[in-house]
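This report concerns only the one structure given below.
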């Protein structure tokens with residue numbers, strides 16, 4: 001599986017992804033600047049990313065706790081998600097995301 005990430009400088013990166021892992025784990029393991037302070041418990045918003053609009057409808061619906069955490073994040077947009085809440089599966093092969101400035 002592949003994930004395509006745009007960093008804070010606008011540079012694109014192709015990342016190998018593992019089915020069943022959280023998107024946040026892949027980003028962090030590649031060394032990109034993402035705090036993920038709560039470790040994936042949906043208790044902070046420091047793993048905030050923007051999902052490419054062509055992929056929004058392919059993700060599961062956002063749960064209320066994720067929505068509440070995003071309410072506390074900076075620079076939230078309609079395509080904002082917490083990367084700790086996105087579990088990768090084959091349907092997300094090729095997912096395009098952009099790191100939010102608030103994630104570092």
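Summary of values
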quantity: Condition check for residue 20: more than 12 Å from the chain's Cα centre (by Cα), exposed (fewer than 13 other Cβ atoms within 10 Å of the Cβ) and in contact (Cβ under 8 Å) with a residue 40 or more places away in the chain; calculated: yes
quantity: Subset tally (residues that are in contact with a strand residue (DSSP E or B) (Cβ under 8 Å, 6 or more places away or on another chain) and at pLDDT 95 or above) for region 8-26; calculated: 12
quantity: Count - residues of region 59-91 that are part of a helix (DSSP H, G or I) and touching a strand residue (DSSP E or B) at 6+ places or on another chain (Cβ under 8 Å); calculated: 6
quantity: Qualifying positions in region 92-103 - within 15 Å of residue 26 (Cα to Cα) and assigned to a loop (DSSP other than H, G, I, E, B); calculated: 93, 94
quantity: Boolean, residue 43 is touching a helix residue (DSSP H, G or I) at 6+ places or on another chain (Cβ under 6 Å) and assigned to a loop (DSSP other than H, G, I, E, B); calculated: no
quantity: Some residue of region 15-29 being part of a loop (DSSP other than H, G, I, E, B) and over 15 Å from residue 88 (Cβ atoms); calculated: no
quantity: Residues that are in contact with a helix residue (DSSP H, G or I) (Cβ under 7 Å, 6 or more places away or on another chain), at pLDDT below 90 and either surrounded by fewer than 15 Cβ atoms within 10 Å (Cβ to Cβ) or closer than 14 Å to residue 55 by Cα (or both), drawn from region 71-87; calculated: 74
quantity: Hits in region 27-46 - residues which are surrounded by 15 or more Cβ atoms within 10 Å (Cβ to Cβ) and touching a strand residue (DSSP E or B) at 6+ places or on another chain (Cβ under 6 Å); calculated: 40
quantity: Any hit, region 45-53, residues being within 13 Å of residue 97 (Cα to Cα) and over 12 Å from the mean Cα position of the chain (by Cα); calculated: yes
quantity: Considering residues of region 46-58 that are part of a loop (DSSP other than H, G, I, E, B) and in contact with a helix residue (DSSP H, G or I) (Cβ under 7 Å, 6 or more places away or on another chain) only, the residue farthest from residue 10 (Cα to Cα); calculated: 46
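The values are calculated or read from the model by the stated rules, or taken from the named source; none is laboratory data. Model, not experiment: these values are computed from the prediction. Neighbour counts run over all protein chains shown; Cβ positions are idealised from the backbone, glycine included.
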